[in-house]
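*Asks:* I'd like to ask some things about the structure below.
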Amino acid sequence: MLLEARFLTMMFDEGRDPAFYVGNQAKRAHVFSVLGVYYPQR
């Protein structure tokens, strides 16, 4: 529950501007995986 609370309260707060780092594999170029989250203040 701690991870869910962190995502909803800290990372996706109205004062933040979240962005995801995504990547894919050569075999499946149409499928992306989330590698990280960046959430700077606005």
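*Asks:* Can you pull out the residues in the stretch 19-42 that are without any contact (Cβ under 8 Å) to a residue 24 or more places away in the chain and under 8 Å from the mean Cα position of the chain (by Cα)? Outline the logic, then answer.
*Replies:* Narrowing the stretch 19-42 to residues without any contact (Cβ under 8 Å) to a residue 24 or more places away in the chain: 19-36, 38.
Within the stretch 19-42, A19, F20, Y21, V34, L35, G36, Y38 meet the criteria.
*Asks:* So, one more: Examine the stretch 1-18 for a residue that is among the hydroxyl-bearing types (S, T, Y), free of Cβ contacts under 8 Å to residues at least 60 places away in the same chain and surrounded by 10 or more Cβ atoms within 10 Å (Cβ to Cβ), and state whether such a residue exists. It would help to see each step written out before you state the result.
*Replies:* Going residue by residue through the stretch 1-18, those that are among the hydroxyl-bearing types (S, T, Y) are 9.
If we keep only those that are free of Cβ contacts under 8 Å to residues at least 60 places away in the same chain as well, we get 9.
Filter again for surrounded by 10 or more Cβ atoms within 10 Å (Cβ to Cβ), leaving none.
So far as the stretch 1-18 goes, no, none of its residues is among the hydroxyl-bearing types (S, T, Y), free of Cβ contacts under 8 Å to residues at least 60 places away in the same chain and surrounded by 10 or more Cβ atoms within 10 Å (Cβ to Cβ).
*Asks:* Give me a count of the residues in the chain that are in contact with a strand residue (DSSP E or B) (Cβ under 7 Å, 6 or more places away or on another chain) and among the small types (G, A, S).
*Replies:* Qualifying residue count, the chain: 5.
*Asks:* Any chance the stretch 26-37 includes a residue that's assigned to a loop (DSSP other than H, G, I, E, B), in contact with a Pro (Cβ under 9 Å, 6 or more places away or on another chain) and surrounded by 10 or more Cβ atoms within 10 Å (Cβ to Cβ)?
*Replies:* Looking for residues that are assigned to a loop (DSSP other than H, G, I, E, B), in contact with a Pro (Cβ under 9 Å, 6 or more places away or on another chain) and surrounded by 10 or more Cβ atoms within 10 Å (Cβ to Cβ), one finds none in the stretch 26-37, hence no.
Quick note: the coordinates plus some simple rules give every number you see, no bench work behind them. Keep in mind the model is a prediction, meaning the values are calculated, not measured. Neighbour counts are summed over all protein chains in view; Cβ atoms, including those assigned to glycine, are modelled from backbone coordinates with ideal geometry.
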